[in-house]
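What follows is a set of notes on a single structure, which appears directly below.
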Amino acid sequence: MKIVEENGNKYAEMYCPSVAEVMGLAPEGSSKPMKFPITGYVQDSFGEDLPMLGIKIMTDEKWQKYAEEGAVEHQEQFKSECLEYASDVSSFAYNFIRKVLIVIDRYLRKDKSTGMMQVDDIKIYPCFAAHEPKPEKMQRKEQYFEENGALQSQIILDSRGYLIDGYTSYLLARAHGIQRVPVRYGRRQIVRASHTPGGKMYSWELPGLLIDRVSAGDRAVVRTERGVKVVTVAAVEERAGNEPKPLKGVIKVKRKKAIGKDGEYGI
């Protein structure tokens, strides 16, 4: 760090190499130095004067929003410049940087319900273990992994640490010796209904957009072995995960009391 003066104001100038420069995709020394205004000085325990830097603390909501918008703009510009430079180096460099940026982008967008977990610590319900994904599905997931260096489907766990979605990613992680994977905690709900009054009760899984938005008495359009059917919801429950086989899904729901124009929820 060095002190520079411009137009009567003093700045602390620091050289911070960019990611592209660190990885050898930009010439050494090509990164521009960063400048911070000096607002004063404070003495350390040895009596030395240390500059106080005027760095904006984002406590104001408007400033926060502006900063976030600017960050997104600069992030996209940064990714574009990295890929453009890498494409001039080699196809290997381009593909490698593209994969790195995908991983970084996913990390920056994660929320508080996400984290990292040892693959061996993920618990598997019997219904997953007893029903392997179809070969063509695993092939698509494998191809995505090879091309992007990342798992396509997010691994979702319930509050007890059991996997409730993303089984293909779990299998790929084990197959490729990946020890730690990103996981998210979530919920899954099912509806219980019968095809005839007083008949046998069946279960269907609700899509994520319908969780906590369905009640007993609602009419649900569901998938069955014999095609699409309409049933009346008898109960809504949290999915236990111990079903003997994967459940078919709810397509859409019409509320008992219409909401909005058509009273329908769906995807």
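The values are calculated or read from the model by the stated rules, or taken from the named source; none is laboratory data. Bear in mind that the values here come from a model prediction, so they are computed numbers and not experimental data. Counting neighbours? That spans all protein chains shown, and the Cβs are built from the backbone with ideal geometry, glycine included.
Quickly run through the range 153-177 and pick out the residues that are touching a residue at least 60 places away in the same chain (Cβ under 8 Å) and outside any loop (DSSP other than H, G, I, E, B).
Selection gives TYR162, ILE164.
Go through (1) more than 30 Å from ILE97 (Cβ to Cβ); (2) modelled with pLDDT of 90 or more; (3) buried (at least 18 other Cβ atoms within 10 Å of the Cβ) for LYS123 and report which single condition fails.
Among (1) more than 30 Å from ILE97 (Cβ to Cβ); (2) modelled with pLDDT of 90 or more; (3) buried (at least 18 other Cβ atoms within 10 Å of the Cβ), LYS123 violates only (3).
Which residue, of TYR170, TYR185, is aromatic (Phe, Trp, Tyr) and either in contact with a Lys or Arg (Cβ under 6 Å, 6 or more places away or on another chain) or under 18 Å from ALA129 (Cβ atoms) (or both)?
TYR170
Does any residue in the range 192-208 that is in contact (Cβ under 8 Å) with a residue 24 or more places away in the chain and crowded, with 16+ Cβ neighbours inside 10 Å come within less than 9 Å, Cβ to Cβ, of a residue that is small (Gly, Ala, Ser) and outside any strand (DSSP E or B) six or more places away or on a different chain, and which pairs are these?
Every condition considered, the pairs that remain are ALA193/ALA234.
Check ALA150 against each of (1) in contact with a helix residue (DSSP H, G or I) (Cβ under 9 Å, 6 or more places away or on another chain); (2) closer than 22 Å to LYS245 by Cα; (3) assigned to a loop (DSSP other than H, G, I, E, B) and name the one condition it does not meet.
Every listed condition holds for ALA150 apart from (2).
Condition first: charged (D, E, K, R), out of contact with any Leu (no Cβ under 8 Å at 6 or more places or on another chain), under 23 Å from VAL100 (Cβ atoms) and part of a helix (DSSP H, G or I). Can you find one or more residues in the range 178-197 that meet it?
Looking through the range 178-197, none of the residues is charged (D, E, K, R), out of contact with any Leu (no Cβ under 8 Å at 6 or more places or on another chain), under 23 Å from VAL100 (Cβ atoms) and part of a helix (DSSP H, G or I).
Is at least one residue of the range 226-240 at pLDDT 85 or above, loosely packed, with under 13 Cβ neighbours inside 10 Å and of a type in the set (Ser, Thr, Tyr)?
The answer is no; no qualifying residue exists.
Look through the range 194-209, keep the residues that are of a type outside the set (A, V, I, L, M, F, W, C) and over 15 Å from LYS252 (Cα atoms), and return whichever of them is nearest to the chain's Cα centre (by Cα).
My answer is TYR202.
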